[in-house]
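What follows is calculated from the coordinates using simple rules that are stated; it is not laboratory data. What you see is a predicted model, and the numbers here were worked out from it, not measured in a lab. When we count neighbours, we look across all protein chains shown, and the Cβ atoms used for this are built from the backbone with ideal geometry, even at glycine.
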Amino acid sequence: MSAHKIGSLLFCPKCGTLLVLPKDGESTVVCEQCNHEEPATSYEGIEITTHSHPDAFPSALRQKRKTQTKRHDTGDHGTLVSEKCPACGHLQAYSKEMQLRSADEGSTIFYTCSSCKHGWRVNN
Ligand SMILES: [Zn+2]
Ligand SMILES: [Zn+2]
């Protein structure tokens, strides 16, 4: 028994209910009315117009990861590190490394206390 095809639509062979198109990675489509399982292969040859662009998902994933990374350890404050604040003694501060002087002199790390927002710098 196979599903009835009308144009790009598939109907349940048992109860005639319109079946939804399978999502990416789904091998079967279940009828909402009678729970009949229709193999997704029945849809082969049917053009799924709602199908997303192949690149849409990976780029969305990349975008998400980029956003999370930015929020987690960079952003405006810098990276959260274990550093004692000289002003209040708090043990966590945001650090930002900056190359202000010439390369052979090393860099300067700017710290901002995550508790009192006191800022200080350390030369490497
Ligand atoms: Zn059905
Ligand atoms: Zn502090």
### Task
Throw me the Rg/Rh for segment 79-123, computed over C-alpha atoms with Kirkwood Rh, two decimals.
1.04
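In Å³ and rounded to a whole number, note down the convex hull volume per residue for the Cα atoms of segment 4-43. It would help to have the intermediate numbers written out before the result.
On the way: hull volume 2.3 nm³, N = 40.
Normalising the Cα hull of segment 4-43 by residue number yields 58 Å³.
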## Note on the structure
Of the candidates 90, 123, 106, the farthest towards the positive dipole end of segment 79-123 (Lys/Arg Cβ +1, Asp/Glu Cβ -1, centred on the Cα centre) is 90
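Please work out the FRET efficiency for the pair residue 87 and residue 108, using the Cβ-Cβ distance as r and a Förster radius of 30 Å; give the result to the nearest 0.05.
Numbers: r = 19 Å, r/R0 = 0.62.
My answer for the efficiency is 0.95.
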